Amino acid sequence: MHPSDAAGLEDEMNFKWVGPVVLLAALFIGDQIRINRPGHKYRLTVEVETPEGRKSASGVLAVHPDRGYSRGGHTRTVGDAVFVDLGGGKNLIALLAHLDGKLDLDGINYLALRAYTAAGGKRVSFNEMNRLTGTVPVKDALIPVLLSFGDPANPGTARVVLPDDAQAVLGNGYRLGEITAEVVPNGFWPLDFGGALGEPVTRGIAAKLPWLNGPDNPAATALRAARLPGVEAIDAKEAFTRK
């Protein structure tokens, strides 16, 4: 066989592998998107009435079902607690936690779903969530644990703020306003371009609470200072941030 013929045959054989390899790569990437793409994302907004007017802040959270069953079927939320700067050194934080006798980290996974169900008067399925629109109120037991820090640089200054008595901690003229949830565009994992192409998860709580990533579990120190029950049974940092 002429050397040029042999080279051509080798090129042809190598080329035959390109199609299957590209197909396998596409299937793998597609499966990773399926597994890792959030089930839905929602914006949690917290408003506070202050003597200087209404102050608010919001954060986008992503809710991930365990499609690959690597977490035993456990749904998880990715994002940060919502920090409302009230001015004058005052603040209010909506944690990624609820109180159900003790601290519960799972409720945040279903906050939006339960809020839409309550607002519509009929059960909303998890698979419907990313197709919903509009803003719904977050009320009563759906309201996350609310904290305020006398000094955001000191975790030991945390105090619980009761939804119906914010002024007991924040002072006269302060009142909890609306808390709302709103489903936002999901995007395509791992790319979030904003707007219709997917709202990125909100980060920034570590800049507001500079101790959060420090040693000796300062998140637990904050939760204990607020006299919240069940701190020892949870990963306290997950009340503030989830990855």
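The values are calculated or read from the model by the stated rules, or taken from the named source; none is laboratory data. Since the model is a prediction, treat every value here as computed from it, not as a measurement. FYI the Cβ positions are ideal-geometry reconstructions off the backbone, even for glycines, and counts take in every protein chain you see. For accessibility, only protein heavy atoms count, side chains too; no ligands or nucleic acids. Shrake-Rupley method; radii C 1.70, N 1.55, O 1.52, S 1.80 Å.
General remarks:
- For the stretch 152-183, a residue qualifies if it is crowded, with 16+ Cβ neighbours inside 10 Å, in contact (Cβ under 8 Å) with a residue 40 or more places away in the chain and hydrophobic (A, V, I, L, M, F, W, C), and the qualifying residues are A158, V160, V161, A166, L170, L176, I179, A181, V183.
- On the stretch given as the stretch 41-62, residues that are under 14 Å from D80 (Cβ atoms) and either among the charged types (D, E, K, R) or surrounded by 24 or more Cβ atoms within 10 Å (Cβ to Cβ) (or both) total 7.
- Residues within the stretch 64-110 that are in contact with a helix residue (DSSP H, G or I) (Cβ under 6 Å, 6 or more places away or on another chain) and modelled with pLDDT of 95 or more, tallied: 10
- Total residues in the stretch 105-132 satisfying the condition of being in contact (Cβ under 8 Å) with a residue 24 or more places away in the chain and touching a strand residue (DSSP E or B) at 6+ places or on another chain (Cβ under 7 Å): the figure is 10.
- Condition met for P137 (open to solvent by less than 60 Å² (accessible area, probe 1.4 Å), within 21 Å of V48 (Cβ to Cβ), without any contact (Cβ under 8 Å) to a residue 24 or more places away in the chain and not hydroxyl-bearing (S, T, Y)): no
- Residue in the stretch 169-190 that is assigned to a helix (DSSP H, G or I) and not basic (K, R) present: yes
- L212 satisfies every condition listed in (1) surrounded by fewer than 16 Cβ atoms within 10 Å (Cβ to Cβ); (2) in contact with a strand residue (DSSP E or B) (Cβ under 9 Å, 6 or more places away or on another chain); (3) free of Cβ contacts under 8 Å to residues at least 60 places away in the same chain except (1).
- Failed item, numbered, when S148 is tested on (1) open to solvent by less than 70 Å² (accessible area, probe 1.4 Å); (2) assigned to a helix (DSSP H, G or I); (3) touching a residue at least 24 places away in the same chain (Cβ under 8 Å): (2)
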